[in-house]
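The values are calculated or read from the model by the stated rules, or taken from the named source; none is laboratory data. The structure presented is a predicted model; accordingly, all values stated were derived computationally and were not measured. Positions of Cβ are backbone-derived with ideal geometry, glycine not excepted, and every protein chain shown enters the neighbour counts. Just the protein is used for accessible areas: all its heavy atoms, side chains included, with ligands, DNA and RNA removed. Shrake-Rupley method; radii C 1.70, N 1.55, O 1.52, S 1.80 Å.
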Amino acid sequence: FKAPSRDHPALYRDLLRTNRVHWIAEEPPAELVREKMMECHFRFRHQMALVPCVLTLNQDGSVWVTLVKPVRAITPGQFAVFYKGDECLGSGKILRIGPSVYTLQQGKNQEESLKKEEIDKIEPAT
């Protein structure tokens, strides 16, 4: 897929899944085990700004990562690295990525036009 521009919504995603995460200090962090979710920060490129996220622990040790805002060019095979403050918690290889912002927008647009069609059936335009 080639996007029409560097900032096209098709390049942005806010959900990904890793393989089993390699945790550095705690295997996995107690909060994540207890709550099954944990807020922290994420990056997948060395110099990239940290992005707030929520991790959801899966039974196999992998995690779903939900980002607070969509990030550009997340790619399976890259490593997701997790931080709490200055501390690196660990990392996991990105296996799957969620739908793009573009796909989600298309779905929303389709829903809105379907709703409009339904309303038009109920209330014929006068």
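A cut-off under 14 angstrom between Cβ atoms defines the neighbours of residue 12, and their net charge, with Lys, Arg +1 and Asp, Glu -1, is +2. Taking only protein heavy atoms and a 1.4 Å probe, the accessible area of the chain is 55% carbon and sulfur. Simple spin-label estimate for residue 75 and residue 8 gives 1.6 nm between the two label positions (7 Å along the Cα-to-Cβ direction from each Cα). Go ahead and estimate [θ] at 222 nm for the chain from helices alone: -39,500 (n - 2.57) per DSSP H run with n ≥ 4, summed, over the residue count, rounded to 500. About -7000 deg cm²/dmol. At full extension, residue 66 and residue 93 could sit 8.2 nm farther apart than now, given 0.36 nm per residue minus the alpha carbon distance. Given the alternatives [x] 74, 35, 23; [y] 39, 30, 26; [z] 67, 36, 24, Cα extents along the principal axes in Å as computed for this entry is given by [z].
The label-point distance for residue 30 and residue 105, in a model that sets each label 7 Å from Cα toward Cβ, rounds to 4.5 nm. Computed about the Cα centre, the dipole magnitude for the chain is approximately 540 debye when only Lys and Arg (+1) and Asp and Glu (-1) carry charge, each at its Cβ. Take every Cα pair under 8 Å whose residues are at least 6 apart in sequence, average their separation, divide by the length of the chain, and the relative contact order is 33 percent. For the chain, a Gaussian network of Cα nodes joined below 10 Å ranks 115, 84, 36 by mean-square fluctuation, and the top entry is 115. Counted by Cβ distance under 12 Å from residue 32, the other residues give a net charge of -2, where Lys and Arg count +1 and Asp and Glu count -1. The residues of the stretch 12-120 have, on average, 61 Å² of accessible surface per residue, using a 1.4 Å probe with all protein chains present. Look at the dipole of the chain built from charges on Cβ: of 18, 58, 40, the Cα furthest out on the positive end belongs to 18. You can think of it this way: the chain between residue 84 and residue 47 has 11.6 nm of extra reach, that is 0.36 nm per residue less the Cα-Cα gap.
A straight line joining the Cα centroids of the stretch 1-62 and the stretch 78-117 runs 10 Å. When the chain is modelled as a GNM with alpha-carbon springs shorter than 10 Å, which of 24, 97, 74 fluctuates the most? Among 24, 97, 74, the largest mean-square fluctuation in the Gaussian network model of the chain belongs to 24.
For the chain, lysine pairs separated by 8 or more sequence positions, or belonging to different chains, with Cα-Cα distances below 18 Å total 4.
Summing Lys and Arg as +1 and Asp and Glu as -1 over all other residues whose Cβ lies under 15 Å from the Cβ of residue 91 gives a net charge of +3.
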